[in-house]
Amino acid sequence: MSNPHEIVELTHQVENLATRKISDINDINRETTFLALNALIEAARAGNAGRGFGVVANQVKHVSTRIAGITSVLNKELAGLLSRLTDLGDDMIERMRWHEAQRCADLALNMIDVIDRNLYERSCDVRWWATDSAVVDCVTVESPHSARHASERLSVILASYTVYLDLWIVDASGTIVANGRRNDYPVSGGNVADSRWFKAAVNTKSGSEFVAADIECQPLLKNAQVATYATAIRESGATDGRVLGALVVFFDWAPQAAAVVKGVRLTDEEWKRTCCMIVDSTFRVIASSDDTGLFQRRVVLSPNGKTAGFYRDSDGRTVSYAATPGYESYRGLGWFGVIVQTPP
């Protein structure tokens, strides 16, 4: 299939070539006119001897005049046609770029929507697991047996839900009393009372509420990138029961997010000039298809109050974006799906 960008580029080249060559013809024709004029002058000086030469000089002058007229008309008509053709081509390319940018905005929305739906599941998991009898007993019955049983229960859950790094049961004082991967992460006995997500979890008003935290590198999980979800563990597992502690789940962010940003449906040619990203509410890059600048780089995004759209930045790149739409009871954290694309 022909490349529209190449066709337009060739049209511009033809226009430039035609302009140069017509200019060259005009230059040669002017020289011919000067030569004919000089020949007429010399013929006049020669008198009768130069009369025949003067006829030839007049004919050359006549031909030169005709050439000048033809090149003038050619220049006007060809220039007009080529200008119209290049304008049409440029307009076609601009419309193609608009459609491409709109498609990328739709893909950006799809990225963040997949993330939202995934994280919505995490918010559901943490709320119903907090009502599990083994979890409730762990912060109700102070015994090694209840903590061991709870850890075993959490490990069974982790075996089925591979998107999690670990699950923690934290008592009301902020002490971690059980976790699902004790061998990988020996965190039991540690205290997280100062963590924002713990404070928010034990202050939820009912069992239907949960806490979602921005992506962070968790030191107690070997600095792994995690999305943290927490809710209160309540007496008897009741929605309105007294708060006994908190259940915390750590979503294994890096591989899941990478699968989303690298799984966008682009052609091989598009991937060479495209970067797909998830950015948080401060425009910090928390996932990127090129794996660069994570948690350090910020995208200078200009949504201008719109939830989705695209614009061209100062470097000529097209920036397409879509804000988190949320899903069901998960309202999102103000994140954006972003696709930055350089022109072909």
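Kindly check whether there is at least one residue in segment 236-251 that is part of a strand (DSSP E or B), in contact with a helix residue (DSSP H, G or I) (Cβ under 9 Å, 6 or more places away or on another chain) and small (Gly, Ala, Ser).
yes
Give the residue that is surrounded by the most Cβ atoms within 10 Å (Cβ to Cβ), with candidates limited to residues of segment 235-291 that are in contact with a Gly (Cβ under 9 Å, 6 or more places away or on another chain) and free of Cβ contacts under 8 Å to residues at least 24 places away in the same chain.
Filtering segment 235-291 for residues that are in contact with a Gly (Cβ under 9 Å, 6 or more places away or on another chain) and free of Cβ contacts under 8 Å to residues at least 24 places away in the same chain, the one surrounded by the most Cβ atoms within 10 Å (Cβ to Cβ) comes out as VAL285.
If you check every pair at least six apart or on different chains, which have Cβ atoms under 6 Å apart with a residue in segment 65-78 that is farther than 10 Å from ILE22 by Cβ and touching a residue at least 60 places away in the same chain (Cβ under 8 Å) first and a residue that is of a type in the set (Asp, Glu) and outside any helix (DSSP H, G or I) second?
none
If a residue has to be of a type outside the set (A, V, I, L, M) and in contact with a strand residue (DSSP E or B) (Cβ under 7 Å, 6 or more places away or on another chain) to count, how many in segment 170-222 make the cut?
Counting residues in segment 170-222 that are of a type outside the set (A, V, I, L, M) and in contact with a strand residue (DSSP E or B) (Cβ under 7 Å, 6 or more places away or on another chain) gives 20.
Condition first: free of Cβ contacts under 8 Å to residues at least 24 places away in the same chain and touching a strand residue (DSSP E or B) at 6+ places or on another chain (Cβ under 8 Å). Now tell me which residues in segment 115-142 satisfy that.
Within segment 115-142, none qualify.
Among VAL177, VAL187, which is the only one that is surrounded by 14 or more Cβ atoms within 10 Å (Cβ to Cβ), more than 27 Å from GLY332 (Cα to Cα) and either among the acidic types (Asp, Glu) or in contact with a Leu (Cβ under 6 Å, 6 or more places away or on another chain) (or both)?
VAL187
Out of ALA150, ALA200, I need the residue that is buried (at least 20 other Cβ atoms within 10 Å of the Cβ) and among the small types (Gly, Ala, Ser). Which one?
After ruling out the rest, the residue left standing is ALA150.
How many residues does segment 121-146 contain that are surrounded by fewer than 21 Cβ atoms within 10 Å (Cβ to Cβ) and of a type in the set (A, V, I, L, M, F, W, C)?
Number satisfying all stated conditions: 5.
Within the group GLY326, GLY337, which residue is of a type outside the set (Asp, Glu), surrounded by 14 or more Cβ atoms within 10 Å (Cβ to Cβ), closer than 22 Å to THR228 by Cα and under 11 Å from the mean Cα position of the chain (by Cα)?
GLY337
Taken together, the values in this text are just the output of simple stated rules run on the coordinates, not laboratory data. Every value quoted in this text rests on a predicted model; they were computed, and no experiment measured them. Don't worry about glycine lacking a Cβ; one is built from the backbone with ideal geometry, like all the others, and counts go over all protein chains shown.
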